[in-house]
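The structure under discussion appears below in the form of structure tokens.
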Amino acid sequence: MAEPALIDIRNLTVGFRARSGALLPVLRNVDLQVCRGESLGIVGESGSGKSTLALAAMGFLKRGLQRMGGQVLFNGDDMFDRTRKQLEAIRGGQLGVVPQNSGQSLTPTLRIGTQMREALRLHCTLPEAEHEARVINLLSQVRLPDPSTIMQRYPHELSGGQQQRVAIAMALAGEPDALLLDEPTTGLDVTTQAHILELLRELARTRNMAMVYVSHDLGVIARVCEKVQVLYAGEVVLEGPTRHVLTDPLHPYARGLLASIPRLGETHLPVALDGRPPTPGKTGSGCAFAPRCVLANDQCRSKRPPLITSAHGEVTRCFYPEKTGQIATIGSGTDPVHHDACGDTALTLRDLSISYARSGLIERLFPPAVPTVPTVDGISIILAKGETLGLVGESGSGKSTILKSIAGLLPPSGGQILMGADTPLTPNVERRRPDQLRCIQMVFQNPDESLNPRQSVLEILSQPLRLYFNLRGRALQDRAVELLETVRLGSHYLDRRPEQLSGGEKQRVAVARAFAANPEIVLCDEITSALDVSVQAAVLELLNDLKKSMDTTYIFVSHDLTVVRALSDRVAVLYQGRICEVGPAAAVYGSPSHPYTDILLNAVLEPDPDVAPKLMAEDVVELAPPACGCPFQRRCPRKLDSVCETDTPPSQTGADGHVVRCHIPLNEL
Amino acid sequence: MVHTPHPDKGLDEGIKLGLGSESDPALTRTGPADMTSLLLRRLALGLVTIWIVSVIIFLGVEALPGDACTAVLERDAQGEVLAKCRDDLGLNAPALTRYADWAVGVLHGDFGMSANGLQSISELVGYRVRNSLLLAAGALSVGIPLAIFLGTVAGLWRDKPIDLLFSTGAIFAMTIPDFVSATILILIFAIWLGWVPAIVITPADAPPLDFFPEFVLAAVVLTLVMIAHIMRMVRSSVIEVMATDYVQMATLKGVPYWRIVLTHALPNALLPAINVIALTIAWLLGGVVVVEVVFNYPGLGRMLVDAVSDRDLPVIQAITLIVAATYVGVNLVADILAMMLNPRLRTHQTRRQ
Amino acid sequence: MTEVSPITAPAQSRLQRVLTTLQEVVRLPSGSIGLTLVTLHIVLALISPLIVPYDFKEMNSAIILADPSAAHWLGTDHLGRDVMTRVLLGGREALIVTGIATPAALIWGGLTGVLLGLRGGWLDEVVMRLVDAFLALPGVLPLLVLVTVFGTGNDVLIPTLAFFFGIPVIRVARAATHEVVARDFISAARARGHSQLTIVRRELMPNVLDTMMVEGAMRWSWMLLGFSALSFLGFGVSPPTPDWGLMIADARVYMSLAPWGVLGPVVALSSLIIGINLTADALAKTLGLDRSRKAVV
């Protein structure tokens, strides 16, 4: 390399001291080089050590971690050998960082302006008098509207996207030579993520910085990085140009990871990676990935493979890179079971509306002059038996609210929920009949919250079994084992507690609990969003198998359009609690479609470096739907005129049976 | 209970203020947490609490066997004398009327006469309140800054020897009964070393300076207990805040360590301490019965014990009401202060506009 | 293969859980010291009548305020009674009274708090205002008044202590309930249609219990403090029954003549309370609850 690397990590090993006293490594012999103007992506699943690596590049280790060996050179000197003063000068100066969750990374008691000025005072040579102007300049560089107002705000008063922009502006305050980005768009809506990534691309282009981009999302990496490093169990297993790594990687793990990603254009289910990554210190003497690798042989299991450089500059930690081509990179797993919408009706939602604002004493005494707009409004959907309905939308679109209402946890303020075509369900769960309760089961987003931490798996599964089928003793246990087997967990899980299970296992138990009731309808609320992508694929596969064998009706809620795509027969797109578009999955994901659907689809980042996302008209978060007109009017890039503000858009039915609610005629969409 | 301030009085307030969670029904029920309506609600709750306290006190005293007359007349309390006395003091009126009379009097600053019928309670209590305030001020002025300092140091050097020293010390100071620590201090400083008198013999209405240096030991005992509680709270708060993402971010921004501690960490760590300090103040002003008795200090607490021994019911009523009102008042002020200082509560509304 | 009945399995694991918790508590230095102190005190209280060298009310005017000696390890008091004997016996009354009153306070306060936390509504509002009002009373007053009027028998002390120490428990239990009720596993149980009672028993209680265990340890130590302070002020145990609070009050008067006299009861009382607090700290740490944060002042 002509130019010396700006960040040069050599053979770094970082570990923590376990209770037993042994030092367990979380990063093993990691090498990393980034030059000015280069952007490197670090990819890995949770626990792979990617964030630790990024922070180590700043000479920072979290409490409890310690460096066991290796060097972290920045500009030629080891960060760990520097004095506190030197570190303080480099951090935030030559070396900037953008944290994962800016909402929590900005000090809540200090105004944005104060925090920005602090960064300037520490790292910028400008005279104090010019700081104000510089802050405004930086905030407008990250395209924040009205910077002088933003400066007066406290962090909690900004939306997630705005907080992230402030964090980027703050990192730029020191005119950094290198920028470390730790999952900078995780937790943001896809449309906001698209905006932020565009901004980062442009900054990289104009400032000639070195960028290290940490993410679990290969789509994000594809968008912003030239080079990728894949971490597995604290080791670099693969490094190479983004295009190669994303299309034809030479490591089995990377190929498996790619295959487990659901894609918009793919009608098959993604393929799950079996097994789980080793816990630190349990990697053994062989290849860390060997237990999950289809190619593994005795050599892989006993000897740690070295890094091998391939012909086109890819570096892989595998004994048999030439054989990896056998493993598919596109998930063409199981064919999803599909169902027509014309069978018997399982569930009917008739003009459902839900208001979150509960009326308290004060509201009852002094009713507000303007009636509040319901959070969710005008939801009418008829679900056929065995059908899967996907509900997609960004945060705040009311998709989970609808599920809670169907489950009886949140009484609607208007409209009806009917079992089948004509049996109305009481809004209140306490008044529903036992067989009605049994028919509808819900799986929650986060298994840590939805499984009682004080119960064993057996106790968790016995709750519905005892309640609905009055099972006791031996029969109950047999049924519980049977259920565990349907979700591919063995009977030895019976006496475990949730804390002893991995995220994917927990979610399987939650699924098993729902199916314990022999339900007709299962409500899935973002059930894969807390899981790693390879685990997510396994849960999707499981849901599909259950559907095949039990003919279950699903309502599948997700913010992730690709996840919904693979499983759903029909998809409804929600914005601000109103349906924009609903129809057969193929039709909704095809064109023409509602302007909002269009933007959502285009904001999806696929692990493909050649696709650029389309951007929304305005990157703001709306807190309440507009009182009248189209719910999407404020952000629509194709807004017509006053019609959109005053009239509720009409339902237009397309030839392929899908309904779009928009003022623009269907043939012009 | 006697020497330790109530351990969880602050808990709910903390939640109500949104320091802990937003799921508190008090917040959701009033709809958007508008600052003014929140304050008004808090104020109204305080007044309701004081009213309920007054009813409890009145009913409690009512339920006791004997009344002001039996206490004054003692053995003569029978027959005509008793009847006449009751008539004179208006004790034969219905309970509701008597409660109303008493309450109206209290609102005008008139607590009635003490049971011996000779002294106005307002006058008697006045000096005692001042003396208790004096003691509290002495303990607070040293205790609060010291507690915050020690708690911060212990939190920053968590699990290091200095933290172990402070934390263990705090457990001792917190758990050793105050009459025990008072006894030990008297033994050392008054009896063995002879630096200060063991007890206060100054009369209640003496000028403040006359209590010096006798009151030093009493103040030290109170300070010890108080420091222990506040210190432990500050320590855990500092540890929590130092582990937050924003402190890590400040480190990665290159902010010097002490600047991080002072500008980023401490303001956030000390917000929840406000309510704890308020509880301590309320406790110091009202409940320090044992220490006042041990040192013979003429404050409200000792007066309360004396009144109980003498069955001086009007005085008991008066002191209890004063203490309860102080408790409610101080907590109210703390709540308002915490609200003012916490931007997350202060500016809850602006985002919606 | 052993057959595990699902009915006994949870019970077994619950016992196991208690045991593992206990193990972890003991592994912490504070836990091991604390538990040792508490156990020692309980054992001593049980066996002390059998091992004390003298009769606790036997006076001997010849050896008033004697210094420690081979015959009287901790000396004698102002009535010539053996201090060692009285210190050994002096915790019995306190342990019996608080040993009954603490669980009683926890149960009534805990159940009320859980009920209010679940029900909410006007009942919650009203009761919480009452709780606020009771907490605003100077802590010592209700005890003093009741004891003065009704005497210091255990039949008065136990219910009184249980009642007044149960009031703050209401708050803690209510807050803990609010925290748990907001979680999805409660929503899941509601959506399945379990009865209120089942939800409370199976889902809520096991999660509130941790908080209540730590709470219980703390209540106990405060109640001991309260009990001893009452004795100290002369409103508690009546002489000649040996009690640490009372002994300290008595010995204080003669402190300049016989400083040894206070040390015995002071060390005994303090070590018990410190033991309980150390145990509570260790328990809170093991269960992942921050005691200093939750329960300060």
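FYI, it's all coordinate maths here, none of it is from the lab. All of these numbers come straight from a predicted model, not from anything done at the bench. Using ideal geometry, Cβ is built from the backbone for each residue, glycine included, and neighbour counts are taken over all protein chains shown.
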### Message
Could you work out [θ]222 nm for chain A from helices alone, using -39500 (n - 2.57) per DSSP H run of at least four and dividing by all its residues? Round to the nearest 500 deg cm²/dmol.
### Response
-9000 deg cm²/dmol
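Tell me the relative contact order for chain A as a rounded percent, counting alpha carbon contacts under 8 Å between residues six or more apart.
Values: 1363 pairs, mean separation 86.8, N = 669.
Normalised by residue count, the contact order of chain A is 13 percent.
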#### Entry: Whole-Å semi-axes of the ellipsoid equivalent to segment C:157-257 (Cα gyration tensor, √5λ, descending)
45, 12, 9
### Query
Given Cα pairs under 8 Å that are at least 6 residues apart, what percent is the relative contact order of chain C?
27 percent
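Note down the magnitude of the dipole of segment A:345-579 about its Cα centre, charges +1 on Lys and Arg C-beta and -1 on Asp and Glu C-beta and zero elsewhere, to the nearest 20 debye.
Computed about the Cα centre, the dipole is about 560 debye.
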### Task
List the chymotrypsin sites (Phe, Trp or Tyr not before Pro) within segment A:434-520 that fall in a DSSP loop (any state other than H, G, I, E or B) and whose Cβ has at most 13 other Cβ atoms within 10 Å.
none
### Summary
Taking only Cα atoms of segment C:111-155, the Rg to Rh ratio with Kirkwood Rh works out at 1.16
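Roughly speaking, what % of Cα-Cα pairs in the protein assembly as shown are separated by over 61 Å, rounded to a whole number?
23 percent
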#### Entry: log₁₀ of I(q)/I(0) at q = 0.10, 0.11, 0.13 Å⁻¹ - segment B:32-352, Debye sum with one point per alpha carbon
-0.74, -0.86, -1.06
### Message
Charges on Cβ only, +1 for Lys and Arg, -1 for Asp and Glu, centred on the Cα centroid of chain A; of A:PHE469, A:CYS524, A:VAL212, which one is farthest towards the dipole's positive end?
### Response
A:PHE469
#### Entry: Dipole axis of the protein assembly as shown (+1 Lys, Arg; -1 Asp, Glu on Cβ), positive-most option in B:ILE148, A:LEU53, C:PRO29
A:LEU53
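As an exercise, find the ratio Rg/Rh for segment A:252-334 from alpha-carbon atoms, using the Kirkwood inverse-distance average for Rh. Can you show the working numbers first?
On the way: Rg = 13.9 Å, Rh = 13.9 Å.
That ratio equals 1.00.
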### Summary
Over 30 Å (Cα to Cα) among A:LYS282/A:LYS547; A:LYS50/A:LYS282; A:LYS506/B:LYS253; A:LYS85/B:LYS160 -> A:LYS282/A:LYS547; A:LYS506/B:LYS253
### Query
What's the center-to-center distance, using Cα atoms, between segment A:446-495 and segment B:210-275 in Å?
47 Å
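Among the trypsin sites (Lys or Arg not before Pro) in segment A:467-549, which ones are in a DSSP loop with at most 10 other Cβ atoms within 10 Å of the Cβ? Mind listing them?
On the way: sites: A:ARG472, A:ARG474, A:ARG479, A:ARG488, A:ARG496, A:LYS506, A:ARG508, A:ARG513, A:LYS547, A:LYS548; in loops: A:ARG472, A:ARG488, A:ARG496.
The qualifying sites: there are none.
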#### Entry: Phi-based couplings in Hz for segment A:557-568 (Karplus 6.51, -1.76, 1.60; Gly and Pro marked x)
9, 7, 8, 9, 5, 6, 5, 5, 3, 5, 9, 7
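So which trypsin sites (Lys or Arg not before Pro) in segment A:3-47 end up in coil per DSSP with only 11 or fewer other C-beta atoms within 10 Å? Mind dumping the intermediate values first?
Values: sites: A:ARG10, A:ARG17, A:ARG19, A:ARG28, A:ARG36; in loops: A:ARG19, A:ARG36.
For trypsin sites (Lys or Arg not before Pro) across segment A:3-47 that sit outside H, G, I, E and B with at most 11 neighbouring Cβ atoms in 10 Å, the list reads A:ARG19.
Which shape class applies to segment A:345-579: rounded if a/c is under 1.5, otherwise prolate when a/b exceeds b/c and oblate if not, where a ≥ b ≥ c are the square roots of the Cα gyration tensor eigenvalues? Please list the in-between numbers first.
Values: a/c = 1.73, a/b = 1.57, b/c = 1.10.
Prolate, because a/c is 1.5 or more and a/b exceeds b/c.
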#### Entry: In Hz, Karplus ³J(HN,Hα) per residue of segment A:465-470 (6.51, -1.76, 1.60; θ = phi - 60°; x = Gly, Pro)
5, 5, 5, 8, 10, 6
### Task
Tell me which residues come under 5 Å, amide H to amide H, from A:TYR213 once H is placed; ignore anything under 5 positions away on its chain.
A:LEU40, A:GLY41, A:ILE42, A:LEU181
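So if I place +1 on the C-beta of Lys and Arg and -1 on the C-beta of Asp and Glu, and nothing else carries charge, what would the dipole magnitude of chain C be about its Cα centre? I want it in debye, nearest 20.
Working: 22 positive and 21 negative charges, 183 e Å.
So the magnitude is around 880 debye.
Percent of Cα-Cα pairs more than 33 Å apart in chain A, please. Each step should come with its number before you reach the end.
Numbers: 118730 of 223446 pairs.
Above the 33 Å cut-off, chain A has 53 percent of its Cα pairs.
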#### Entry: Estimated translational D of segment C:228-283 in µm²/s (Stokes, Kirkwood radius over Cα pairs; 10 °C; 1.306 mPa s)
132 µm²/s
### Amide proton proximity set for A:GLN652, modelled H, under 5 Å, gap of 5+
A:VAL660, A:ARG661, A:CYS662
#### Entry: Highest-first arrangement of A:66-73, A:407-414, A:279-286, where packing means the average Cβ count within 10 Å
A:407-414, A:66-73, A:279-286
### Task
Could you list which residues have their amide H under 5 Å from that of A:THR388, counting only those 5 or more apart in sequence or on another chain, with H placed in the peptide plane?
A:HIS339, A:TYR554, A:ASP569, A:ARG570
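Please state the charge dipole magnitude for chain A, taken about the Cα centre, from unit charges on C-beta atoms (+1 on K and R, -1 on D and E), reported in debye and rounded to the nearest 20.
On the way: 68 positive and 74 negative charges, 412 e Å.
With Lys and Arg at +1 and Asp and Glu at -1, about 1980 debye.
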### Summary
Sites removed, the longest contiguous part of chain C containing no DSSP-loop GluC sites (Glu not before Pro) with at most 16 other Cβ within 10 Å is C:59-297
### Task
Sort A:567-573, A:530-536 for me by packing, meaning the mean count of neighbouring Cβ atoms within 10 Å per residue, highest on top.
A:567-573, A:530-536
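In percent, what relative contact order does segment A:345-579 have, based on Cα pairs under 8 Å that are 6 or more apart in sequence?
Values: 422 pairs, mean separation 73.5, N = 235.
Answer for segment A:345-579 is 31 percent.
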### Summary
Computed, not fitted: 222 nm per-residue ellipticity of chain C from DSSP H runs ≥ 4 (each -39500 (n - 2.57)), nearest 500, equal to -24000 deg cm²/dmol
### Query
³J(HN,Hα) across segment A:26-36 via Karplus (A = 6.51, B = -1.76, C = 1.60, θ = phi - 60°), whole Hz, x for Gly/Pro?
10, 10, 10, 6, 8, 10, 7, 10, 9, 9, 3
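Place the peptides A:120-126, A:107-113 in order of packing, highest mean first, counting for every residue the other Cβ atoms within 10 Å and averaging per peptide. Spell out each step's value before the answer.
On the way: A:120-126: 15.4, A:107-113: 21.4.
Answer by packing, highest mean first, reads A:107-113, A:120-126.
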### Summary
Sorting A:LEU144, C:THR20, B:ALA269 by the position of each Cα along the dipole of the protein assembly as shown (Lys, Arg +1; Asp, Glu -1; all at Cβ), the one nearest the positive end of that ordering is C:THR20
